1. List, largest first, the extents of the alpha carbons of the chain along their principal axes, each in whole Å.
2. Is there a quick way to get the dipole size of region 265-330? I mean about its Cα centre, with the Cβ of Lys and Arg at +1 and of Asp and Glu at -1; what is the value in debye to the nearest 20?
3. For the pair R147/N70, report the inter-label distance in nm, with labels modelled 7 Å from Cα in the Cβ direction.
4. For the residue pair M102 and E229, what label-to-label distance in nm results when each label sits 7 Å from Cα along the Cα-to-beta-carbon direction?
5. Length gain on complete extension for the stretch E118 to V37, per 0.36 nm per residue less the alpha carbon to alpha carbon distance?
6. Hey, if you put +1 on the Cβ of every Lys and Arg and -1 on every Asp and Glu Cβ in region 163-299, which of Q270, V255, A186 ends up farthest toward the positive end of that dipole?
7. Taking a ≥ b ≥ c as the square roots of the eigenvalues of the Cα gyration tensor of region 265-330, is the shape rounded (a/c under 1.5), prolate (a/b larger than b/c) or oblate?
8. Within region 306-342, which residues have the backbone N less than 18 Å from the label spot 7 Å out from N286 along Cα→beta-carbon, could you tell me?
Amino acid sequence: MFDIIVLGAGASGIVAAITAKREKPSLRIAIIESMPVIGKKVLATGNGRCNLSNINALKHEYYNKAFATNILPKYDVNKTLEFFNSIGLYTVTDDEGRIYPMSNTATSVVDVLRFECERLGITVITDEKISNIKKNGDFFVLGGRHRAKKVILACGGKASPSQGSDGSGFEILNDLGHTIQKPLPALVQLVSDNKIVRSFKGIRVKGKIKIFAENEEIGKAEGEILFTEYGLSGIASMDAQRILCSHLDNKKCSVVIDLVPEFSKEEIRQRINSTISNNPALKSENLLIGFLPKKISKGLIKCAYVKDNTPINEISEDNLQKICDLCKSFRVYISASKGFENAQVTRGGADVSEFDANTLESLKIKGLYVTGELLDVDGGCGGFNLQWAWSSGMTAGENAANI
Ligand SMILES: Cc1cc2nc3c(=O)[nH]c(=O)nc-3n(C[C@H](O)[C@H](O)[C@H](O)COP(=O)(O)OP(=O)(O)OC[C@H]3O[C@@H](n4cnc5c(N)ncnc54)[C@H](O)[C@@H]3O)c2cc1C
């Protein structure tokens with residue numbers, strides 16, 4: 001019999017176990033993990049660099065923000081960094097507030113967490129997937145054989161199932177009587193059937209995106225946009241998908257990209273005019289190369305129905321205006337997302353109204369705590385989801401240790 005079993009050795013589960021053990025060293029604590037190693041998903045975060053937090057986390061627009069902002073202040077960014085410093089990990093912050101390990105590698109993050117589990121004598125059981133949990137009087141039975149006074153469920157959502165989070169936590173919680181809001185993939189690439197967009201494959205721009213479901217503008221995103229053979233990737237596109245995620249199945253969705261946020265439409269027109277007066281015989285596809293990659297210049301000229309190789313001084317006034325409009329408002333219709341396989345996070349999950357917003361204990365089952373992505377809380381790109389995992393894990397760990 002353990003005092004606490006943490007199910008899932010991802011970001012939130014590992015810190016939950018460490019926090020509980022530090023809170024009360026006499027407790028017998030185990031982590032059970034279905035993968036052969038702990039922290040597998042953390043290794044993949046931030047392209048292997050682990051963007052572990054963001055200095056703007058408290059201001060961030062989390063989904064179910066009211067619930068999240070109840071938890072985040074107690075274990076905020078400073079407390080999280082203090083925690084990591086205490087186990088020997090130091091960090092750096094970039095210009096946009098994103099925090100990374102100083103070693104620039106996610107391996108360091110998982111290593112320091114693993115060493116701390118070992119140092120504290122936390123039992124780590126790997127390669128064991130638990131499919132059910134039963135409450136039997138004062139204790140829980142996991143998978144018919146592990147017993148614990150308290151359970152912290154930290155199984156993650158359904159995003160990126162190859163790293164272990166296959167949605168089984170939702171099934172366990174549902175069997176225990178909790179409501180699960182429909183899980184949807186979030187922070188994932190956008191698919192577009194637009195051939196011109198696909199022809200931009202490989203190009204990166206820093207742009208601003210307005211996001212539309214039907215004709216209604218529902219949000220904005222900003223940052224890197226990467227054009228690919230299937231549509232749009234890059235941080236701004238993934239953030240846009242998160243805003244669109246609940247509309248993609250049933251509404252006509254589009255994003256309108258400002259490809260040249262540095263210049264107003266009038267400034268673009270002035271630059272075009274000076275290119276025309278400097279070199280009137282220049283071919284149309286080169287009209288925009290002073291501020292956009294040639295492939296995009298060519299694509300936008302095509303969208304304005306200007307023939308290839310037209311000398312730029314022969315482009316009509318109307319078409320020049322259309323080209324300026326396209327630079328500032330290039331609409332891309334979206335047909336789908338790249339799904340859970342590629343998603344960074346899950347929208348949906350355990351209904352937050354069924355959990356104590358201070359302790360993360362279930363309001364239905366005493367002694368059961370839930371953390372991280374299993375809860376219906378998610379954030380955008382930039383370290384916000386890991387910060388939620390750390391904060392919720394530490395909260396559940398601290399409260400579960402109160403035995
Ligand atoms: C490719 C990628 C890159 C990302 N990059 C970033 C980033 O840079 N910054 C950021 O903030 N966020 C990032 N995220 C999101 C972030 O990783 C997650 O939000 C966070 O890891 C969620 O933590 P968690 O503890 O809730 O779940 P997870 O980290 O998913 O951990 C859940 C664990 O539970 C185990 N498990 C599940 N079910 C069972 C079961 N039935 N029995 C036993 N074990 C089980 C799983 O194997 C897994 O190890 C990224 C995600 C992906 C996929």
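Every number in this text was worked out from the coordinates using simple rules, so none of it is lab data. Please read these numbers as outputs of a predicted model, since none were measured by experiment. No Cβ is skipped: glycine too gets one built from the backbone with ideal geometry, and neighbour counts run over all protein chains shown.
1. 83, 42, 34
2. Working: 11 positive and 8 negative charges, 58 e Å.
Dipole about the Cα centre, nearest 20: 280 debye.
3. Between R147 and N70, the simple spin-label model gives 3.3 nm.
4. The two pseudo-label positions are separated by 4.2 nm.
5. On the way: separation 81, 0.36 × 81 = 29.16 nm, distance 1.36 nm.
My answer for the length gained is 27.8 nm.
6. It is Q270, whose Cα lies furthest towards the positive end.
7. rounded
8. Inside the label zone: 307-315.
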